[in-house]
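Asker: Encoded as structure tokens, here's the structure I'll be asking about.
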Amino acid sequence: MSDVMEFEGNKDNISTKAYLEEAVSQPEISSLASVASHHSAPGSQPLGTGLEARGVHAWFGKHHALADVNLDFPAGTVTALIGPSGCGKSTFLRTLNRMHEFIPGAAMAGEVLLDGKDIYEPGTDVTKIRLKVGMVFQKPNPFPSMTIAENVLSGLKLAQLKTTNKDDLLEECLHRAGLWNEVKDRLKAHGGSLSGGQQQRLCIARALAVKPEVLLMDEPCSALDPGSTLKIEETVRQLIESVIVVIVTHNMQQAARVSDYTGFFLSDGGPGQLIETAPTSEIFSRPKDPRTEAYVTGRFG
Amino acid sequence: MSAQVPELEVRDFSSVSPQKPWKLSPREVAINASTILIALILSPIIVQVTPLKGKLGLVLTFILVAMVGNIVLSFLRQGVQAIGNSIASTFIYLAAGLVLLPVASIFFTVIMRGYHAVRINTFTQDMSVTQSDGPYTEGGALHAILGTLMLVLIASLISVPIGILTALYLTEVKGRAEGTIRFLVQAMSGVPSIVAGLFIYSVLIVGAGGHYSGFAGALSLSILMLPTVARTAEEVLKLIPRDLREAGVALGGTQWRTVVMVVVPAARSGIVTAIILGVARVAGETAPLLLTILGSTTTHLNPTDAPISALPLYTFNLLRTGLNVAIDRAWTGALVLMILVLILFVLARLASGRKK
Ligand SMILES: Nc1ncnc2c1ncn2[C@@H]1O[C@H](COP(=O)(O)OP(=O)(O)OP(=O)(O)O)[C@@H](O)[C@H]1O
Ligand SMILES: [Mg+2]
């Protein structure tokens with residue numbers, strides 16, 4: 001309880017500028033950390049770790065929804081994707097864990113490299129990709145037939161993973177999602193019995209339980225109150241030690257608060273494109289593209 | 001930090017009591033009741049002075065008068081706009097009452113005519129040594145009860161898995177044959193029950209030289225049960241939001257594991273409804289059984305080699321004798337069948353509601 005209070009207290013005292021400074025300093029620290037911690041894939045260069053989109057296009061039937069997106073998600077960073085509605089942010093996000101192909105008539109082009117390997121390479125096990133690249137949806141979607149505890153651990157069963165200690169994992173994931181204190185006494189209650197914000201944090205805990213390398217979040221706070229939103233943002237900041245986070249948001253302050261890098265998408269009638277990507281502080285203080293500036297200062301979109 | 005948060009003031013709310021201001025006041029209830037009362041008094045008078053005669057006339061007049069009273073009342077209270085609402089709600093209540101009427105009267109008739117032939121031996125003896133017009137204290141429906149249970153069990157074992165898998169094909173796999181399969185299932189649900197019996201009779205009993213048997217009967221019932229289970233399960237599975245399927249797949253589950261762990265459990269109570277509707281469809285079927293199990297007076301538990309009995313057939317055969325005692329036994333058979341189906345439904349609901 002008290003840590004929440006402090007977090008909310010901080011919000012009042014620290015100006016956006018302070019957040020931005022914090023955001024600026026983050027990449028340097030974390031990129032050092034990433035060099036130190038990511039030497040897991042033997043043979044591959046250190047630069048090959050992380051997630052990388054190369055020339056990604058996406059179609060729904062004949063409709064070209066997304067064109068030529070090149071974007072790097074280095075280890076240890078949070079990247080925010082911003083842009084007006086319908087510009088292809090969700091579509092892009094879903095190409096990163098191969099959920100795009102779930103839609104009938106969908107097609108794509110380009111490469112998405114995870115630890116240096118293209119996830120669309122023929123013969124790739126899609127379920128393994130989705131296990132490594134987790135996802136949190138815009139609408140909270142806990143499994144209605146399962147309890148809170150079962151929801152958190154559902155990924156292990158779905159992917160048929162083995163764990164030595166489920167209770168520890170359960171507690172750890174709920175802690176990381178900032179939900180433990182609220183549900184520790186009713187782990188056997190149904191997931192649907194939680195409030196919307198709690199359900200969303202339950203979905204985050206569920207996504208964390210399978211230990212993903214990347215977590216994609218599509219407007220995870222759009223249906224939440226400011227308190228839950230701040231908790232989730234706090235969670236995201238803590239995640240960067242082990243997870244690459246990509247978060248779609250319509251909230252500029254949120255992008256400024258949580259992300260190290262920001263990508264701005266725009267569709268001018270045609271397919272959506274990545275207009276500009278830069279460290280978050282730069283996007284908000286001195287964007288290179290006039291359209292980015294117009295958007296972040298609220299002049300359109 | 002938390003010291004800055006002011007304590008919530010303790011206030012006493014005991015003077016406020018919960019109320020329901022949207023409920024009708026006693027005065028309004030009395031006015032409503034008085035229109036019904038007026039209708040009750042008026043309708044016999046109207047029946048007396050007009051050519052309308054008989055019970056039916058009385059009931060119709062009563063409904064009409066009550067309706068008019070209701071409409072006038074709502075006009076006086078709320079003006080012209082309320083009339084449409086009042087007419088609609090009157091018809092809705094009327095329709096609900098009309099649905100209840102035959103159901104209640106069937107239950108009432110079966111219970112009244114069926115109960116006095118019920119003895120302990122109804123459930124413990126068969127008719128192998130008893131004449132159908134023998135005393136109530138001899139013979140019973142045991143063979144028919146066991147026969148019906150056997151038929152329903154085997155038919156369910158065949159059509160529930162196939163029906164649910166068909167529904168999963170239509171909603172989850174969405175394969176190339178989706179349209180064709182859906183059309184065939186719909187066509188199958190239109191097959192008359194006697195045709196299902198005739199089909200099994202000609203293929204299995206005449207064609208393949210098989211026996212009249214429980215298995216043949218269960219097969220003919222499966223033909224009727226399968227489309228009901230498949231179509232209801234399909235409708236239920238369609239209601240499960242796509243979000244859940246996406247969430248399951250996004251967690252690294254295969255489609256099959258997502259279906260088994262997420263989609264089907266979320267639809268569990270609906271799938272049980274599908275099974276119940278399927279059982280309800282076939283438990284009382286008589287026509288296909290005439291051609292497949294033939295009927296019997298002895299208890300026979302092997303479903304493969306000889307004719308057996310079932311409650312609908314037991315009822316039918318006893319009614320045809322025209323003997324008073326036998327007809328009483330037939331009504332008892334109908335009563336037992338209804339209770340049996342009821343018990344199956346309750347068991348199914350309990351099983352679906354319980355946590356694993
Ligand atoms: N399932 C679909 N079928 C067909 N077209 C789609 C589908 N989903 C999205 N699109 C189209 O693709 C384009 C990009 O949509 P997308 O959902 O990626 O936008 P977005 O940037 O996430 O918007 P928002 O901020 O409103 O969520 C839009 O033109 C949309 O109409
Ligand atoms: Mg979107």
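Asker: Out of the range A:97-121, which residues are on the phi > 0 side of the Ramachandran plot and either in contact with a helix residue (DSSP H, G or I) (Cβ under 7 Å, 6 or more places away or on another chain) or within 11 Å of another protein chain (Cβ to nearest Cβ) (or both)?
Answerer: A:R98, A:D115, A:G116 - these are the residues of the range A:97-121 that are on the phi > 0 side of the Ramachandran plot and either in contact with a helix residue (DSSP H, G or I) (Cβ under 7 Å, 6 or more places away or on another chain) or within 11 Å of another protein chain (Cβ to nearest Cβ) (or both).
Asker: Considering only the range A:252-273, how many residues are touching a residue at least 12 places away in the same chain (Cβ under 8 Å) and more than 22 Å from A:G76 (Cα to Cα)?
Answerer: Matching residues across the range A:252-273 total 7.
Asker: Please verify whether A:D260 is away from ligand 1 (no atom under 15 Å from the Cβ), surrounded by fewer than 21 Cβ atoms within 10 Å (Cβ to Cβ) and among the acidic types (D, E), treating the condition exactly as stated.
Answerer: No.
Asker: Which residue is surrounded by the fewest Cβ atoms within 10 Å (Cβ to Cβ), if the candidates are limited to the range B:264-288 and must be of a type in the set (G, A, S) and either within 14 Å of chain A (Cβ to nearest Cβ) or more than 21 Å from B:L337 (Cβ to Cβ) (or both)?
Answerer: B:S269
Asker: In the range B:121-136, how many residues are surrounded by fewer than 17 Cβ atoms within 10 Å (Cβ to Cβ), farther than 16 Å from B:W331 by Cα and over 30 Å from the mean Cα position of the chain (by Cα)?
Answerer: Of the residues in that region, 3 qualify.
Asker: When you look at B:L37, is it assigned by TED's automatic domain parsing to the domain that holds B:Q78 and within 38 Å of the chain's Cα centre (by Cα), yes or no?
Answerer: Yes: the conditions hold for B:L37.
Asker: If I ask for residues that are crowded, with 20+ Cβ neighbours inside 10 Å and either at the interface with another protein chain (Cβ under 9 Å from one of its Cβ atoms) or in contact with a Phe, Trp or Tyr (Cβ under 9 Å, 6 or more places away or on another chain) (or both), which ones from the range B:245-263 would you list?
Answerer: Residues satisfying the conditions are B:R245, B:A247, B:G248, B:V249, B:A250, B:L251, B:G252, B:G253, B:T258, B:M261, B:V262.
Asker: Pick from the range B:172-185 the residues that are modelled with pLDDT of 95 or more and in contact with a Lys or Arg (Cβ under 9 Å, 6 or more places away or on another chain): which of them is farthest from B:P241 (Cα to Cα)?
Answerer: Selected residue: B:V185.
Asker: Continuing with this model, one more query. Go through (1) surrounded by fewer than 19 Cβ atoms within 10 Å (Cβ to Cβ); (2) away from ligand 2 (no atom under 16 Å from the Cβ); (3) without any contact (Cβ under 8 Å) to a residue 40 or more places away in the chain for A:E234 and report which single condition fails.
Answerer: For A:E234, the failing item is (3).
Asker: Residues to consider are B:S213, B:S193, B:S220, B:S189; find the one that is out of contact with any helix residue (DSSP H, G or I) (no Cβ under 7 Å at 6 or more places or on another chain), of a type in the set (S, T, N, Q) and more than 13 Å from chain A (Cβ to nearest Cβ).
Answerer: B:S213
Asker: Another one. Can you confirm whether B:I106 is surrounded by fewer than 21 Cβ atoms within 10 Å (Cβ to Cβ) and out of contact with any Ser or Thr (no Cβ under 8 Å at 6 or more places or on another chain)?
Answerer: It is true that B:I106 is surrounded by fewer than 21 Cβ atoms within 10 Å (Cβ to Cβ) and out of contact with any Ser or Thr (no Cβ under 8 Å at 6 or more places or on another chain).
Asker: Which one is farthest from the chain's Cα centre (by Cα), of the residues in the range A:82-105 that are more than 8 Å from ligand 1 (Cβ to nearest atom), outside any loop (DSSP other than H, G, I, E, B) and not charged (D, E, K, R)?
Answerer: Only one residue fits best here, namely A:F102.
Asker: Would you point out the residue of the range A:138-186, among those that are within 7 Å of another protein chain (Cβ to nearest Cβ) and surrounded by 21 or more Cβ atoms within 10 Å (Cβ to Cβ), that is nearest to A:Q200 (Cα to Cα)?
Answerer: A:N141
Asker: Looking at the range A:90-105, which of its residues are more than 11 Å from A:A58 (Cβ to Cβ) and not hydrophobic (A, V, I, L, M, F, W, C)?
Answerer: A:N97, A:R98, A:P104, A:G105
Asker: Further, regarding this structure: When you go through (1) over 28 Å from B:R113 (Cβ atoms); (2) modelled with pLDDT under 95 one by one for B:T292, which number turns out not to apply?
Answerer: (2)
Asker: Of everything in the range B:262-284, what is touching a Leu at 6+ places or on another chain (Cβ under 9 Å) and over 15 Å from B:V229 (Cβ atoms)? Give them in sequence order.
Answerer: If the condition is that a residue be touching a Leu at 6+ places or on another chain (Cβ under 9 Å) and over 15 Å from B:V229 (Cβ atoms), then B:V262, B:V263, B:A266, B:G284 are the ones that fit.
Asker: So, A:I275, is that one touching a Ser or Thr at 6+ places or on another chain (Cβ under 8 Å) and more than 16 Å from ligand 1 (Cβ to nearest atom) or not?
Answerer: Taking the combined requirement at face value, the residue does not satisfy it.
Asker: Do you know which residues across the range A:78-96 are farther than 21 Å from A:V214 by Cα and out of contact with any helix residue (DSSP H, G or I) (no Cβ under 8 Å at 6 or more places or on another chain)?
Answerer: Answer for the range A:78-96, where residues must be farther than 21 Å from A:V214 by Cα and out of contact with any helix residue (DSSP H, G or I) (no Cβ under 8 Å at 6 or more places or on another chain): A:S85, A:G86, A:C87.
Asker: Follow-up. Restricting attention to the range A:252-263, which residues are in contact with an Asp or Glu (Cβ under 9 Å, 6 or more places away or on another chain) and either more than 15 Å from ligand 2 (Cβ to nearest atom) or of a type in the set (S, T, N, Q) (or both)?
Answerer: Those that are in contact with an Asp or Glu (Cβ under 9 Å, 6 or more places away or on another chain) and either more than 15 Å from ligand 2 (Cβ to nearest atom) or of a type in the set (S, T, N, Q) (or both): A:Q254, A:R257, A:V258, A:Y261, A:T262.
Asker: Okay, moving on. Can you pull out the residues in the range A:187-212 that are assigned to a loop (DSSP other than H, G, I, E, B) and either more than 12 Å from every other protein chain (Cβ to nearest Cβ) or of a type in the set (G, A, S) (or both)?
Answerer: Within the range A:187-212, A:L187, A:A189, A:L194, A:S195 meet the criteria.
The values are calculated or read from the model by the stated rules, or taken from the named source; none is laboratory data. Everything numeric in this text was worked out from a predicted model, so none of it was measured. Note that each Cβ is placed from the backbone with ideal geometry, even for glycine, and that neighbours are counted across all protein chains shown.
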